[in-house]
Amino acid sequence: QVQLVESGGGLVQPGGSLRLSCAASRSISSINVMGWYRQAPGKQRELVARINVGGSTNCADSMKGRFTISRDNAKNTVYLQMNSLKPEDTAVYYCSAVVVLEANEYWGQGTQVTVSS
């Protein structure tokens, strides 16, 4: 089992920045892939960025150059740094953890990000 707790969401003006955090209840070195997804009202959940246990990352094309995912193994935390935010980035952002040996994907409760002037 993995419990994930997201934090760092809020209201920000266009062009601003936010850093989201996802704290895991166990060592993230035991988690194969951790990722951030988002879901806007009326839309499907979409991938934002992922990072694997080796540190390799990938990011959705629309967010490349603006969003960066990183991990701190000592704190069992994954971060999403979001810069140059746009109104279309408004969504609930969810953290996920994939543990291959458990054949399971875990989700956090989500954190709201609103980009508006």
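Within segment 1-48, the residues that satisfy the criterion of being at pLDDT 95 or above and touching a helix residue (DSSP H, G or I) at 6+ places or on another chain (Cβ under 7 Å) are 14, 34, 48.
Residue selection: residue 57 satisfies the criterion of being touching a residue at least 12 places away in the same chain (Cβ under 8 Å) and open to solvent by 70 Å² or more (accessible area, probe 1.4 Å). Scanning segment 5-17 for residues that are over 26 Å from residue 33 (Cβ atoms) and in a loop (DSSP other than H, G, I, E, B), we see that the one that is most open to solvent (accessible area, probe 1.4 Å) is 13. When every residue of segment 87-99 is checked against the conditions, none turns out to be assigned to a loop (DSSP other than H, G, I, E, B), surrounded by fewer than 21 Cβ atoms within 10 Å (Cβ to Cβ) and on the phi > 0 side of the Ramachandran plot.
One line per residue, one yes/no per condition, for (1) surrounded by fewer than 15 Cβ atoms within 10 Å (Cβ to Cβ); (2) without any contact (Cβ under 8 Å) to a residue 60 or more places away in the chain:
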site	(1), (2)
3	yes, no
19	yes, no
38	no, no
50	no, yes
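In segment 21-36, of all residues being within 24 Å of residue 85 (Cα to Cα) and of a type in the set (Gly, Ala, Ser), the one that is least open to solvent (accessible area, probe 1.4 Å) corresponds to 35.
The values are calculated or read from the model by the stated rules, or taken from the named source; none is laboratory data. Computed from a predicted model, the values in this text were never measured in an experiment. All Cβ positions, even for glycine, are placed from backbone atoms using ideal geometry, and neighbour counts span all protein chains on display. Heavy atoms of the whole protein, side chains included, go into the accessibility calculation; ligands, DNA and RNA do not. Shrake-Rupley method; radii C 1.70, N 1.55, O 1.52, S 1.80 Å.
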